[in-house]
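The values are calculated or read from the model by the stated rules, or taken from the named source; none is laboratory data. On a predicted model such as this, the values are computed, not experimentally measured, just so you know. Using ideal geometry, Cβ is built from the backbone for each residue, glycine included, and neighbour counts are taken over all protein chains shown. To get the accessible areas, we keep the full protein, side chains included, count just its heavy atoms, and leave off ligands, DNA and RNA. Shrake-Rupley method; radii C 1.70, N 1.55, O 1.52, S 1.80 Å.
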Amino acid sequence: MKNFRALFEAELEGTDGQATIIGARELLPTKHIDPRFEAIHKSGPATPPTKIQVQELAVNGELLDLLQDVSAFDTLPFMQSQIVQVCHRHPDWLQANGMPNLFLCKMGEANSDLFVVSAFLDNWSRFFFMRRELHERILWRGRQFHLRFFFKVRR
């Protein structure tokens, strides 16, 4: 993937699918959760153990442009329970100091249901969760801030 630099691979444990971003308040010290997560406060299916790759964004750009070559990477979207699990059990995988950790997520069957979850961990170990739509015209400054993108890999 030309827009990304590989950092590491890891194995994420399976989940029961019950955890949601809104429900993360029960597990994690949270400072802010984007209110747009209220609309998708639904449990998902149980997930098996999953291989993930953590990549660092190497260029600046908007999400749709940056993710153009992700289809060649053969990635799958994360379930909310998997994102919560990464934050709860593996905070050492996350970039701290208020920098976003980005997860491609899907809330339905259509490709239009894709969005990005930005999980921020501040200097006091509190979480901020933001929902970003793929079409949002936000310039992600990968070169300056070394943003981490988490990808699930098909086996």
Residue ID - surrounded by the most Cβ atoms within 10 Å (Cβ to Cβ), chosen from residues in segment 50-69 that are in contact with a strand residue (DSSP E or B) (Cβ under 7 Å, 6 or more places away or on another chain) and part of a helix (DSSP H, G or I): 66
Filtered residues of segment 11-49 (kept if touching a residue at least 40 places away in the same chain (Cβ under 8 Å), open to solvent by 20 Å² or more (accessible area, probe 1.4 Å) and of a type in the set (A, V, I, L, M)): 19, 27
Segment 1-50: number of residues that are charged (D, E, K, R) and modelled with pLDDT of 95 or more: 4
Test: residue in segment 51-62 that is of a type outside the set (Val, Ile, Thr), within 23 Å of residue 25 (Cα to Cα) and at pLDDT 80 or above: no
